[in-house]
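Input: a single structure, listed below in structure tokens.
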Amino acid sequence: MFCRAPLALALLLALAACETAPPGPPPPAGAIKVLAANPLTGSLSFMGPALEHAMQLAAAEINDQGGLLGRPLYLLKADSHSEAEAGLREVRFYYERNLDAVGILGDASDNVSKRLLSELARNNLVYGQRIPVISPAASSREFVGLLDAQYNLFYRTVCSSHLEGRILADKALSLGFRVGAAVGLRDINTPAIFREFQQRFQAAGVGYSVSENYYETNAVTEVSATIERAFAELRQLSGREPDFLLLLASGSDGKVALTEWARKHAETPLLLTDALMSNYFLASLDPTTIGQLEARPVNGVFPGGSGGGRGGLVFAERFCRAYPRDCRCDRPADNCRDGTGLEPGIFTANAFDATYAFALALAQVLRTRPDGLDKQGSGWNVDRVTEALLDVTNKNGANDLTILPGEWAKALEAVEAQRGLNYEGASSLALELDLNGDPINCSFSFWSVENAQVVFKNSDGQKESVAISL
């Protein structure tokens, strides 16, 4: 999409000279434009297209049931390339051309989101005006405080990933584990997940301990050496093999770590996060590693699945009917050929919710001021948008009307009648955002490996979910 600029200082001029037009048909007259940034290429491309599809499903329903008070919602498609600088260039591609998007949906990548928010805090991209950013998958704990202080228009429909550490610690305790090793890449997420796990696990009492071991690169020798060092240290300190290996890895380093585990430590049960929850990733593993994953207890956890409430069930049925390739089977793959038993892919429900909730907020703004989303005129006031976003995602009174996925027409009637709304959502039992823009209600589910596929059940063969209210 981009040609190379010879000098960093000439970047924007080079982009203006050589980039192509935005993909897709031009926006219809009167459309309200929102930029949908997803990792369609790069290391996170295994999830990017599905997130885009979830956003498109929400936009299609909205437009089919009346739009934004008669105006179409139009999603501008952007590829963040799974990389911070490339993602920022893609966003600039739109805003430097005055395409007038009133907000950004995305990105899935913590690093891309962090870079974007840093740029927005330093230099507003849109006519000198601030713009809201709503991410369905940027789950680093770092966004809770530091970045909110830098740029306080960041919202997300996914819970902080450090909570995975708490859920996995509870699982380890329930399985009777007492001593374990945690190994992972030192990145934006891993230390926070580990600290949450360690605090929760070791609070069980004397004799409960977990070691902390990081590698700095995904080099085969470093990853392998870190795992061996972790096991050796535990043997020396406790005189026994660890009860479990908590592996905080993803991508290429995850492949190396799992191969090492299968080769030397397959008798040790695994605890995994969502970072390895991908059939694309499993397909890259050698047969020996896959065989050990299927033969041994594997307990993986992930945030952001469909919440299991009414909204989650509605979304799962509609999304998997429209995009079956973006869904996973919750039982052996050959038993899902009739289209039943499918579970939406990771963060898709969150992407749907981000789009739907933001659209509800935009509709409320338009009701009170028809020019309220005109960024080139006098009507634009981002505070109206963000206040409306918090309003529609929180129940403020007994008369608030609960809105589920699929009920856009009902929502529009309430907006016109100036009745309060409460969007229940697809990704949790009740989508509520606190003043920092973070979800209050969080849901997590467990996954394992069966027939070389991700399945949504734990090592006991049961489908299991956990809900947390913060």
Contour excess over end-to-end distance, with Cα ends at Arg229 and Asn399 and 0.36 nm allotted per residue: 55.3 nm
Residues with amide H under 5 Å from that of Leu401, placed H, sequence gap 5 or more: Gly420, Leu421, Asn422
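For the chain, take N as its residue count and report Rg(C-alpha) divided by 2.2 N^0.38 Å. Can you show the working numbers first?
Values: Rg = 22.7 Å, N = 470, 2.2 N^0.38 = 22.8 Å.
In units of the globular-protein estimate, the chain measures up at 1.00.
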Flagged links, alpha-carbon separation over 25 Å, of Lys33/Lys395; Lys33/Lys114; Lys171/Lys463; Lys77/Lys114: Lys33/Lys395
Residue-span extension gain [Lys463 to Gln129] - 0.36 nm each, minus C-alpha spacing: 115.6 nm
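Under the rule a/c < 1.5 gives rounded, and otherwise a/b versus b/c splits prolate from oblate, where does the stretch 158-304 land using the Cα gyration tensor? Kindly include the intermediate steps, with their values, before the conclusion.
Details: a/c = 1.41, a/b = 1.17, b/c = 1.21.
In terms of gyration-tensor shape, rounded.
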Debye equation applied to the C-alpha atoms of the stretch 199-266, log10 I(q)/I(0) at 0.15 Å⁻¹: -0.51
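Using Cα-Cα distances under 8 Å and only pairs 6 or more residues apart, what relative contact order does the stretch 32-102 have, in percent?
Numbers: 96 pairs, mean separation 32.2, N = 71.
This gives 45 percent for the stretch 32-102.
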Peptide ranges 110-116, 231-237 listed from the most packed, as the mean C-beta count within 10 angstrom indicates: 110-116, 231-237
Convex hull volume per residue for the stretch 349-415, taking Cα atoms only, in Å³: 94
Distance (nanometres) between label positions extended 7 Å along Cα→Cβ at Tyr280 and Val144: 3.0
Shape of the stretch 40-96, Cα gyration tensor, a/c cut at 1.5: oblate
³J(HN,Hα), Karplus 6.51/-1.76/1.60, whole Hz, each residue of the stretch 439-455, x for Gly, Pro: x, 8, 9, 10, 10, 9, 10, 9, 9, 9, 10, 8, 6, 6, 10, 5, 10
Relative intensity, log₁₀ I(q)/I(0), of the stretch 51-203 from a Debye sum that treats every alpha carbon as a point, q = 0.09, 0.15 Å⁻¹: -0.39, -0.86
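State the extension gain, in nm to one decimal, for the chain segment bounded by Ala60 and Leu237, taking 0.36 nm per residue of separation less the distance between their alpha-carbons.
Working: separation 177, 0.36 × 177 = 63.72 nm, distance 5.84 nm.
Contour length minus Cα-Cα distance gives 57.9 nm.
Since every read-out is calculated from the coordinates, none of them should be taken as a lab result. Everything numeric here is computed off the predicted structure, so don't read it as measured data. Because the Cβ atoms are built from the backbone with ideal geometry, glycine has one as well, and the counts that use them run over all protein chains shown.
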